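The values are calculated or read from the model by the stated rules, or taken from the named source; none is laboratory data. Note that the structure is predicted; figures quoted are calculated from it, not measured. Virtual Cβ from ideal backbone geometry, glycine too; neighbours counted across all protein chains shown.
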2 protein chains.
Amino acid sequence: MIVDISKKILIVGLGLLGGSYARVLKRFGFHISTITKEQSSIDYALGEGFIDEGSTELDEKIIGEADLVIFALYPHVFVEWIEKNQSLLKSGALITDVTGVKCSIVYKIQEILRHDVEFIAAHPMAGREVSGVENSTDKMFVGANFIVTPTDKNTKEAISTCMELGRLLGFSNVTTLSPEEHDEMIGFLSQLTHCIAITLMTCNDKENMEKFTGDSFRDLTRIARINDLMWSELFIENKEALLRQMNLFIDKFGELKSMLEKEDVDSMRKMMRHSTERRALFDKK
Amino acid sequence: MIVDISKKILIVGLGLLGGSYARVLKRFGFHISTITKEQSSIDYALGEGFIDEGSTELDEKIIGEADLVIFALYPHVFVEWIEKNQSLLKSGALITDVTGVKCSIVYKIQEILRHDVEFIAAHPMAGREVSGVENSTDKMFVGANFIVTPTDKNTKEAISTCMELGRLLGFSNVTTLSPEEHDEMIGFLSQLTHCIAITLMTCNDKENMEKFTGDSFRDLTRIARINDLMWSELFIENKEALLRQMNLFIDKFGELKSMLEKEDVDSMRKMMRHSTERRALFDKK
C-alpha cells in the first residue's frame, strides 16, 4: 500500500518524530496532512514544504481522507484520542504509532478499535535531546532500529506495510518483536540506562565536581538531560518489565560491592573480563 | 626546574601514559630516558625518536642521572619499586607519578622515601581504551585535567614544578586537591561510573540484545571494556571512598525504584528535573 503514492498520510502530533516522518515521506511525493496542537507547528511545516495541510482542530475531512494515520503522541494521549475520535477514521484505514512501550498500549488499542480499521504498532528507536518540529530532520533514522510489534490480530499485509514504512523512513534495521519481547528489551537497553543516568546525576550533589569531569562521566550522563513528562509516563507504562531490569541491575551491583568489601580480586577481574567480552558484541558494526 | 631543558627526565614504565608524556616532553628538547619491562617498547620509542635511551634493567647511570623521575606504574609496583630501588635515585631528585588513587599511595611513599628526594603526586586524568606505548599520542591531554595532590611534606617549589609539568604536557586544567578530596572526587566521577558500566554490561545476558542497541546503551557501556588488572587494583586501593559512592548511588536508585512501584509521578518528575538541571553544569564549555 505504502508505495502507492496516491495514498494520503495523516500524522497526528507534529513534534520531533512526527515532523521527521513528514520530512522523509514528503520526499517520496505522498500527500501529508497533520492534526496537531499548535498552529505554529503547522505554519512551520507548511513553510518548509513538508506537509500539504494541517489543522489544530479535529478536521473531519483531513482525518476521513487518510489511508495511513501515524500517531506520534504521548501514550495516554494516543489512547484517549482513539477512544474519543475513532469514528472519524476512514473505513479500511491503517493506523500505526511511535510509542516507546508496547504491551500497555497495543492490546488496549486493538481491543477498543473499530473492526474496519487496523492498528499495527511500531517503535522507531530514534530520538534527540531536543524536541519540537523545528528540530525535526530527515537524517534522524539512519543507523537506527525500527521495530514492528504485531499481535495475532494483525494481518500479514499490515505487518508488511508497516515494515515497508520503516524502510522508506530510512531505518537501517527493520524487524519484528512481540510486544512482550519489545518491552523487555526496551526496559533493559533504554529505560534502565535512563534510570541509571538520572540516578548517577542526582546521587551526589557535591559542588565543583564538574571541574574535574572526564569523558566517562559525561558519557554516562548524556541522557540525564531528560524530558520528565514523557519518560515518567514511559516508565510507568512499562512498570513491571522495567522493575525486573532494575532488580537485575541492583543484584549485580550488590555482588560487585560485596567483592570490593571482601577485596575479592579474582571475582572482580572475572566480572570485568565478562564485561569486556560482552561489550565487544555491542560495538557499532 | 622543568623549563630548564638541560635537566634529565626519566620515565619508569613506558606504556600508554608514559609514552605520551615522553612524546610531548621530547618536543621541548628534554633528555628523556626510560626504564621499562619490554625491550620492544624501548626500540619502538627510539625508532619514533621520543626517547634518548632506555633499559629493561635497573640501569644505575640512567636512574642516577635523572633530575625528574615520572613513575607510570601500577600502584603496588610503584610502591615496591621505591622500597627496593630508591637508593639509586640522585640526591635532590624530584619524583612524581600518574597513579589514579592518592591516599593509599602518597602517604606511604612519602613515609618511606629518602629525605633528600621529594615526591609530589599527580593524577593526569586522561586515558584511552587501548594500552601500550604504540598507542601513545601527544594529543591525549588536550581538554583534560591534571591534578596535583600535595601534602604538608611538599615544598612550594615542587608543587609549582609539578603544575608546570601538567601545563607543559598540554593539560587544559591544572589544579591541586588534597589526596582525600582527590579520592572522593575520583571515586564518584571515574570509579563509580566504571562500576555502573560493568554492572550494566553483565546484569542481563539475554541474547541478541545487541541487534537493538541504540546510542544510550552504547554510551553507558563504552567504558565497560576495561583493563581488569588495573581497575581491580584501583578499586581496592580506593576501597572506602568508592564504597561510600556506591552506597550513595544504591540509595538513590532505590528511591527511584520505590517511586516507580508506587507510581509516584510527581517525585519521578522532580528527580528528572533535578537531573536535567544538574547535567547542564557538566556540559563541555
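Quick notes
- In the range B:176-186, the residues that are β-branched (Val, Ile, Thr) and either buried (at least 24 other Cβ atoms within 10 Å of the Cβ) or facing chain A (nearest Cβ under 7 Å) (or both): B:Ile186
- Applying a threshold of 9 Å to beta carbon distances and a minimum spacing of six or more residues, or different chains, the list of pairs starting in the range A:165-176 at a residue that is at positive phi and ending at one that is crowded, with 18+ Cβ neighbours inside 10 Å and not in a helix (DSSP H, G or I) reads A:Gly170/A:Asp138; A:Gly170/A:Met140; A:Gly170/A:Phe141; A:Gly170/A:Ala144.
- Residue satisfying all of: in the range A:218-242; crowded, with 21+ Cβ neighbours inside 10 Å and outside any helix (DSSP H, G or I); nearest to the other protein chains (Cβ to nearest Cβ) among these: A:Ile226
- Qualifying positions in the range A:202-240 - among the hydrophobic types (A, V, I, L, M, F, W, C) and farther than 16 Å from B:Leu200 by Cβ: A:Met209, A:Phe212, A:Ile226, A:Leu229, A:Met230, A:Trp231, A:Leu234, A:Phe235, A:Ile236
- Within the range A:19-33, tally of residues that are under 19 Å from the mean Cα position of the chain (by Cα) and surrounded by 24 or more Cβ atoms within 10 Å (Cβ to Cβ): 5
- Restricting attention to the range B:262-272, the residues being facing chain A (nearest Cβ under 7 Å) and loosely packed, with under 15 Cβ neighbours inside 10 Å number 1.
- Filtered by the rule that a residue be basic (Lys, Arg) and surrounded by fewer than 24 Cβ atoms within 10 Å (Cβ to Cβ), the range A:99-119 gives A:Lys108, A:Arg114.
- Every condition in (1) hydroxyl-bearing (Ser, Thr, Tyr); (2) touching a strand residue (DSSP E or B) at 6+ places or on another chain (Cβ under 7 Å); (3) over 24 Å from A:Leu25 (Cα atoms) holds for A:Thr99 except the one numbered (3).
- A:Met259, sole failed condition from (1) more than 7 Å from every other protein chain (Cβ to nearest Cβ); (2) at pLDDT below 95: (2)
- A:Thr96 vs. criteria surrounded by fewer than 14 Cβ atoms within 10 Å (Cβ to Cβ), touching a residue at least 24 places away in the same chain (Cβ under 8 Å) and within 26 Å of A:Met185 (Cα to Cα): no
- Just so you know, in the range A:187-217 the residues that are more than 8 Å from chain B (Cβ to nearest Cβ) and in contact with a helix residue (DSSP H, G or I) (Cβ under 8 Å, 6 or more places away or on another chain) include one that is nearest to A:Thr151 (Cα to Cα), and it is A:Gly187.
- Boolean, B:Met246 is assigned to a helix (DSSP H, G or I), surrounded by 15 or more Cβ atoms within 10 Å (Cβ to Cβ), at the interface with chain A (Cβ under 7 Å from one of its Cβ atoms) and more than 22 Å from the chain's Cα centre (by Cα): no
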